[in-house]
Amino acid sequence: MANRLEGKVALITGGNSGIGEGTAHLFAREGARVILMARREREGAAVTASINATEGEATFIKCDVSDEKAVNLAVGEAINVYGSINVLFNNAGGGASGNFPDESAEDFHRVINVNLNGTFYMSRAVWPHLIEAGGGAVVNMSSLAAQRGASPKMVDKFGSTSSSYWAAKAGVDALTRYMAGVGGRSGIRVNGVRPGQIMTPGATRGTITDPDGGHHAFEKMFDLMQITPGPGYPEDVANLVLFLVSEESRFITGEIINVDGGVAAKL
């Protein structure tokens, strides 16, 4: 089925690379006018130019989702350009290198602010425009970290993302369910996605072990946990996000769906 987002305006945070970039291209091919928001202007402008040249229409607006004032101004600018918003993909996020109890308070607050508070700020700013549009769809970016545990041996052998990242993404899951409950009366559906091993620049930056082969530090851990072999890619997540914001999923809300190759080690 083509043109599943024809006539829709879709806002994607963190749309300048990785999953956000892949989703932006897919949304544009499906007929959406795409608004990309991110901090890195050069990368955002490049993605926007690529979409406009070959796939559809896109606009880049610089925005740091952890800055409440910046979010409100950016959403206002988006409304000035397009007049409405129908779809929101809260994709922006990131982790830190420290592990509990050695992670610094500064890193903890920064990661919470980007992943959890940023999702709240952006959703709150966009919400009245979704209502004005007669409803819409929101997808929040979670992570496999939100629902699995790690034994001491696993951490010692493979390492781990920061405790702040795990806590932030678990908060995103709870916020997703809460928003879905509030959105029902206004025709707003809210769901989440939990990627596992997805090969993005953010996943491999600083942990790459074989740049030519695309391997990364956590590969052996995922090989032990996954049912489906090999890594996933941004398009694997983008395809699910497209489904969740299209009319094909009209009867789905309040769900958080894993895209992880069937990781069996979940707590």
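Would you please state the base-10 log of I(q)/I(0) at q = 0.08, 0.10, 0.16 1/Å for the chain, with intensities from the Debye formula using one equal scatterer on every alpha carbon?
For the chain at q = 0.08, 0.10, 0.16 Å⁻¹, log10 I(q)/I(0) is -0.30, -0.47, -1.24.
In straight Cα distance, which aspartates and glutamates are under 13 Å from residue 69, not counting same-chain residues fewer than 8 positions off?
Of all the aspartates and glutamates, those that pass the test against residue 69 - Cα under 13 Å, at least 8 places apart if same chain - are 77.
Near the amide H of residue 233, under 5 Å away, which other amide H atoms are found, from residues 5 or more places off or on another chain, if H is placed in the peptide plane?
It is 199, by chain and number.
Nearest 10 degrees is fine. How inclined is helix 118-132 to the longest principal axis of the chain, computing both from alpha carbons?
30 degrees
Taking the Cα atoms only, what angle lies between the long axis of helix 68-82 and the longest principal axis of the chain, rounded to 10 degrees?
Here the helix axis deviates by roughly 40 degrees.
Would you please state which residues of the range 51-82 a label at residue 2 would reach in this model, taking the label point 7 Å out along Cα→Cβ and a backbone N cut-off of under 16 Å?
Residues passing the 16 Å test: 54-57.
When the chain is fully extended, how far beyond the present Cα-Cα distance does residue 40 get from residue 223, taking 0.36 nm per residue of separation? Numbers along the way, then the final one.
Values: separation 183, 0.36 × 183 = 65.88 nm, distance 3.26 nm.
So the chain would gain 62.6 nm between residue 40 and residue 223.
Considering only the range 9-259, what is the antiparallel percent among its DSSP beta bridges, to the nearest 5?
Numbers: 2 of 31 bridges.
Expressed as a percentage, antiparallel bridges in the range 9-259 total about 5.
Compute the helix-to-body angle for 41-54: its Cα long axis versus the longest principal axis of the chain, expressed 0 to 90° and rounded to tens.
Between the helix axis and the principal axis of the chain, the angle is about 60 degrees.
Run the quick spin-label model on residue 233 and residue 131: label points 7 Å from Cα toward the beta carbon, then report their separation in nm to one decimal.
Each label point is offset 7 Å from its Cα along the Cβ direction, giving 4.2 nm.
Taking Cα centroids, how far is the range 229-253 from the range 1-27 in Å?
About 11 Å separates the Cα centre of the range 229-253 from the one of the range 1-27.
Just to confirm my numbers, what's the Cα centroid distance between the range 83-150 and the range 40-71 in Å?
First find each Cα centre; the distance between them is then 18 Å.
Looking at the range 221-253, which GluC sites (Glu not before Pro) are DSSP coil and have at most 13 other C-beta atoms within 10 Å of their C-beta?
Qualifying residues, ordered by number: none.
What residues have an amide H closer than 5 Å to that of residue 255, excluding those fewer than 5 places away on the same chain, when H is modeled at 1.01 Å from N in the peptide plane?
The answer is 192.
Just so you know, all these numbers are worked out from the coordinates, no wet-lab data involved. From a predicted model like this one, the values you see are computed outputs, not experimental measurements. Note that we place each Cβ from the backbone using ideal geometry, even for glycine, and neighbour counts take in every protein chain shown.
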